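Q: Starting off with a structure, shown below.
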Amino acid sequence: MAGVPAVAGGLAVTHFAEIGSTNAEALSRAAAGAPEQWIVADKQVAGRGRRGRQWVSEPGNLYSTLLLYNPAPPAVSPQICFVAALAVHDAICDALPALDPERLRLKWPNDLLLDSKKLVGILVEGASAGAKHAVVTGIGVNCAHHPAGTPYPVTDLANEGFAIAPATLFERLAVRMMDRLAQWQRGAAFAATRNAWLGRAHDLGCDIEVKLPERVLNGRFEEIDADGALVLALANGHRELIRAGDVFPATAK
């Protein structure tokens, strides 16, 4: 990935031509006491998504992970996935002004869609690092290619007619991530982040299907609550708070 800066958004950047996983590298560095930084790679050979799913990671896309210490109290640190989703939405809009922002929507809890097709995946992981709590936020953007045979539609920017170098997008992402972290105020001001996220939410107010490990729920996506949980209105009038799950349109099979 040519043109990767040594510093972006005020933090050092470590660049790899090939790596197992940028998140795994960040967690390893956290365990060794490395400073806060970005990890970026041209290619991942062991990239992964939520629930350990493998993710295709060939050159041409953006693979990046931000390592932070104590970005918020541990109880609310998972909210950083909403912060990151807004930051990557901002960065894509900055870098591609010809792309209508309304085509980009945020899918709970950690994806960004282009015309209802997955474009960006986000994976947040945490670990103890001595007296500190390390939080790593992996952000993968399909710039030049996307996997086939997925259970949901996927696309990439080039396929949609928008060519961009991963390094160019990364520089905007690093800046925008700092802006959105400041808005979040280390977890003390989720309301502003929540409102901004809801303004870009996919399927808000629509019927959805939520797949949980032990059951499947159908209902209307009402909102996210003050902590970031999805509020699902069921047909019986009850509301379920979903803190982890896979969301699909209600018609998906």
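The values are calculated or read from the model by the stated rules, or taken from the named source; none is laboratory data. Quick caveat: nothing in here was measured; it's all calculated off a predicted structure. A quick note on method: Cβ atoms are made from the backbone with ideal geometry, for glycine too, and the neighbour counts reach across all protein chains shown.
Q: Filter region 130-189 down to residues that are small (Gly, Ala, Ser), part of a helix (DSSP H, G or I) and crowded, with 16+ Cβ neighbours inside 10 Å and give me whichever is farthest from the chain's Cα centre (by Cα).
A: Ala158
Q: When you scan region 209-231, how many residues do you find that are over 10 Å from Ala250 (Cα atoms) and in contact (Cβ under 8 Å) with a residue 40 or more places away in the chain? Steps first, answer last, please.
A: Of region 209-231, the ones over 10 Å from Ala250 (Cα atoms) are 211-216, 221-231.
Those left that are additionally in contact (Cβ under 8 Å) with a residue 40 or more places away in the chain: 221, 224, 227-228, 230.
Here the count works out to 5.
Q: For the list (1) at pLDDT below 95; (2) charged (D, E, K, R); (3) over 19 Å from the mean Cα position of the chain (by Cα), I need the number of the one condition that Asp207 fails.
A: (1)
Q: Another question about this same structure. Please enumerate the residues belonging to region 224-236 that are outside any loop (DSSP other than H, G, I, E, B) and surrounded by fewer than 16 Cβ atoms within 10 Å (Cβ to Cβ).
A: Within region 224-236, the first condition is being outside any loop (DSSP other than H, G, I, E, B), and the residues that meet it are 224, 230-233.
Answer for region 224-236, where residues must be outside any loop (DSSP other than H, G, I, E, B) and surrounded by fewer than 16 Cβ atoms within 10 Å (Cβ to Cβ): just Val231.
Q: Quickly run through region 28-44 and pick out the residues that are surrounded by fewer than 20 Cβ atoms within 10 Å (Cβ to Cβ) and touching a strand residue (DSSP E or B) at 6+ places or on another chain (Cβ under 8 Å). Before you say what the answer is, go through the steps one by one.
A: Our first condition is that a residue be surrounded by fewer than 20 Cβ atoms within 10 Å (Cβ to Cβ); within region 28-44, this holds for 28, 31-37, 43.
The answer is Ala31, Gly33, Ala34, Pro35, Glu36, Gln37, Lys43.
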